[in-house]
Amino acid sequence: MVEATTKYTILLDGEILPSKELIGGKAWSLCRMKSMGLSVPPAAVITTTACFEYLKTGVLPSDLRAEIRDAVTALEEQAGRQFGGKKPLLLSVRSGAAVSMPGMMDTVLNLGMNSSIEEALALETQDVEFARDTHRRFLSLYADIVLKSSTPITVDDKIKSILERIANDSKIVPDCPYEQLFSSVEAVFSSWNSRRAKRYRKHNKISDTLGTAVVIQAMVFGNLDDDSGTGVLFSRNPLNGVKEPYGEYLSRAQGEDVVSGTCTPEPISALQDKAPILYQELIRSAEALERENTDVQDIEFTIQNGKLFLLQSRAAKRSPEAAVSFAIDMVDEGLINKKTALSRVSSEQVRTLLRPRLAQHSDSTLSVVAKGESACYGVGIGLVVASSDEAERLAGEGHRVVLARSTTSPEDVHGMIASCAVITEQGGSTSHAAVVGRALGVPCIVGCGENHLSSLIGKMVTVDATEGIVYEGCLNVEEPNEEDDPRLIMLKRWVDETCSVRVISFEDSDAREALNLDDVIGCDDLSISKEALQGSESVRGSMIDSGKGVSNVIEAGVKILVTRYPLAVALTVQEYYKDIINT
């Protein structure tokens with residue numbers, strides 16, 4: 001049995017709840033769900049302490065292998081199965097940082113497979129194809145994640161052929177389950193410093209010093225039979241903020257099928273139709289988790305042979321529109337206070353809401369060149385490119401680009417950051433493109449259809465992600481105003497209750513007159529220093545539309561800011577003081 005006093009591993013039995021900094025958000029959520037009595041497959045975690053040592057030395061800590069073996073023994077006892085035995089226990093090996101970084105680090109599923117385990121699994125389930133499919137899935141992920149093999153693997157490949165091609169690439173998949181496990185743990189630790197993970201952390205201002213934990217969990221099989229499947233459920237709609245369950249379900253599948261975007265799942269209502277009792281159990285679990293965590297939940301689940309298992313629950317990535325709605329609604333419901341609500345809406349999200357949108361009387365005669373499912377609302381107008389590297393290069397040269405991919409992967413995050421919109425041919429609203437698009441606030445349309453986007457490469461398009469439509473050419477847009485949105489007005493009122501700097505709208509002539517601001521100093525020079533602002537009482541201009549500009553005027557002692565975007569600037573002020581406290 002793994003004891004709480006072990007150096008690097010902790011059994012996630014729900015009896016203790018270590019910090020997220022030690023075990024990561026994924027393990028923390030599993031532990032919390034276990035303590036609530038929810039159905040969670042047996043799991044253990046390798047802590048971030050081991051990650052720090054591995055990243056420092058390049059090898060697993062000397063005691064870790066023995067602790068991993070002990071942890072697996074504990075999982076065997078709970079599951080009633082054997083890792084590498086005749087009644088096989090297969091494992092998932094998943095990353096988990098303290099701060100959610102969806103898809104940025106690596107995962108290996110179905111670990112512990114080899115030819116003899118495939119035979120044992122086929123004998124136990126009386127399903128040769130299920131065992132073969134599970135073996136194939138393992139080889140695909142292991143070759144890609146651990147071996148870094150260039151060998152492409154398809155669902156139609158024979159196991160023998162896959163192993164031969166991996167060998168031709170001078171790679172070997174070990175038969176020993178523990179060798180597979182140790183090397184997979186190393187691969188997950190290494191993925192903390194992958195290019196995509198670094199780019200994501202930099203963009204989202206996440207510290208590079210957190211490290212990742214590794215969750216080792218007993219596999220449950222959504223690909224087992226017709227009474228099995230996998231899906232993602234949001235306790236509220238992460239696109240528009242409506243208080244209703246939202247998600248997707250894919251029968252006879254594993255979670256990677258949904259997240260990767262290679263399969264287009266059905267809406268969550270498909271599960272309600274297929275298995276209403278299980279659906280209600282899932283909804284009750286989502287409601288309980290939302291109450292427990294006082295935030296909207298993104299829940300990964302698998303159904304195996306008619307039994308529901310929860311694999312993860314985390315705060316949902318949300319569109320800017322949903323972020324505002326969630327914050328206000330949860331205050332109204334008494335789940336959170338105003339201070340917490342404001343901490344969940346960023347200045348960048350407000351600025352995203354105030355980006356140009358299609359004019360009401362825009363020229364709708366332009367040709368519709370693609371349609372899909374909205375994954376993050378908004379409008380983007382730019383040149384269509386097919387490569388994330390090209391998107392980053394052109395954006396760096398000042399061009400506005402739209403990234404078009406068959407489906408995105410974590411390797412595309414730098415291109416998504418650089419683009420004004422993302423469109424994909426495959427995937428649904430819980431695929432990688434959709435989740436990361438919402439996290440970045442980038443307008444995104446998914447599932448436009450196989451081979452529907454290649455003809456757009458090199459063309460200027462207008463992406464109306466709110467409606468899920470791509471138009472050829474450039475449609476007219478208009479700029480929204482904070483004063484026209486009652487939700488933003490309410491948030492601004494809340495900020496004003498605590499903000500130490502007065503932020504008013506440039507259009508609010510009454511406030512300007514009352515504060516005697518006719519001589520307000522204009523600062524449109526973004527490079528102006530705080531020394532040049534010393535002694536100024538009030539400032540307006542494009543300078544304060546940036547975080548750096550706001551910090552300069554605050555440090556210069558300016559007390560009144562006049563802007564077209566009062567809420568966005570006020571939130572920037574709050575974020576400035578939060579950064580100072582954290583520093």
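A compact table of results
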| read-out | value |
| --- | --- |
| Subset tally (residues that are touching a residue at least 24 places away in the same chain (Cβ under 8 Å), assigned to a helix (DSSP H, G or I) and under 27 Å from Met36 (Cα atoms)) for the range 254-273 | 5 |
| Number of the condition not met by Leu250 [criteria: (1) buried (at least 20 other Cβ atoms within 10 Å of the Cβ); (2) in a loop (DSSP other than H, G, I, E, B)] | (2) |
| Entirely in the range 84-189, the helices (runs of 4 or more DSSP H) that have 1 or more residues that are hydroxyl-bearing (Ser, Thr, Tyr) and buried (at least 17 other Cβ atoms within 10 Å of the Cβ) | 128-141 |
| Top-ranked residue of the range 550-566 - restricted to ones that are under 10 Å from Ser538 (Cα atoms) and aliphatic (A, V, I, L, M), ranked as surrounded by the fewest Cβ atoms within 10 Å (Cβ to Cβ) | Ile560 |
| Filter result for Thr352 (surrounded by fewer than 16 Cβ atoms within 10 Å (Cβ to Cβ), touching a residue at least 12 places away in the same chain (Cβ under 8 Å) and outside any loop (DSSP other than H, G, I, E, B)) | no |
| Filter pass, Asp70 being more than 31 Å from the chain's Cα centre (by Cα) and under 24 Å from Thr212 (Cβ atoms) | yes |
| Residues satisfying the stated conditions in the range 219-247, i.e. part of a loop (DSSP other than H, G, I, E, B) and small (Gly, Ala, Ser) | Gly222, Ser228, Ser235, Gly241 |
| Subset tally (residues that are among the hydroxyl-bearing types (Ser, Thr, Tyr) and at positive phi) for the range 63-91 | 0 |
| Residue in the range 50-65 that is more than 22 Å from Pro174 (Cβ to Cβ), buried (at least 21 other Cβ atoms within 10 Å of the Cβ) and among the hydroxyl-bearing types (Ser, Thr, Tyr) present | no |
| Subset of the range 296-342 [of a type outside the set (A, V, I, L, M, F, W, C), in a loop (DSSP other than H, G, I, E, B) and either crowded, with 20+ Cβ neighbours inside 10 Å or modelled with pLDDT under 95 (or both)] | Lys317, Arg318, Ser319 |
| Which numbered condition Val345 fails, given (1) out of contact with any helix residue (DSSP H, G or I) (no Cβ under 6 Å at 6 or more places or on another chain); (2) among the aliphatic types (A, V, I, L, M); (3) assigned to a loop (DSSP other than H, G, I, E, B) | (1) |
| Residue tally, condition closer than 20 Å to Ser285 by Cβ and surrounded by fewer than 19 Cβ atoms within 10 Å (Cβ to Cβ), over the range 16-49 | 6 |
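The values are calculated or read from the model by the stated rules, or taken from the named source; none is laboratory data. Being a predicted model, the structure only gives us computed values, none of them experimental. All Cβ positions, even for glycine, are placed from backbone atoms using ideal geometry, and neighbour counts span all protein chains on display.
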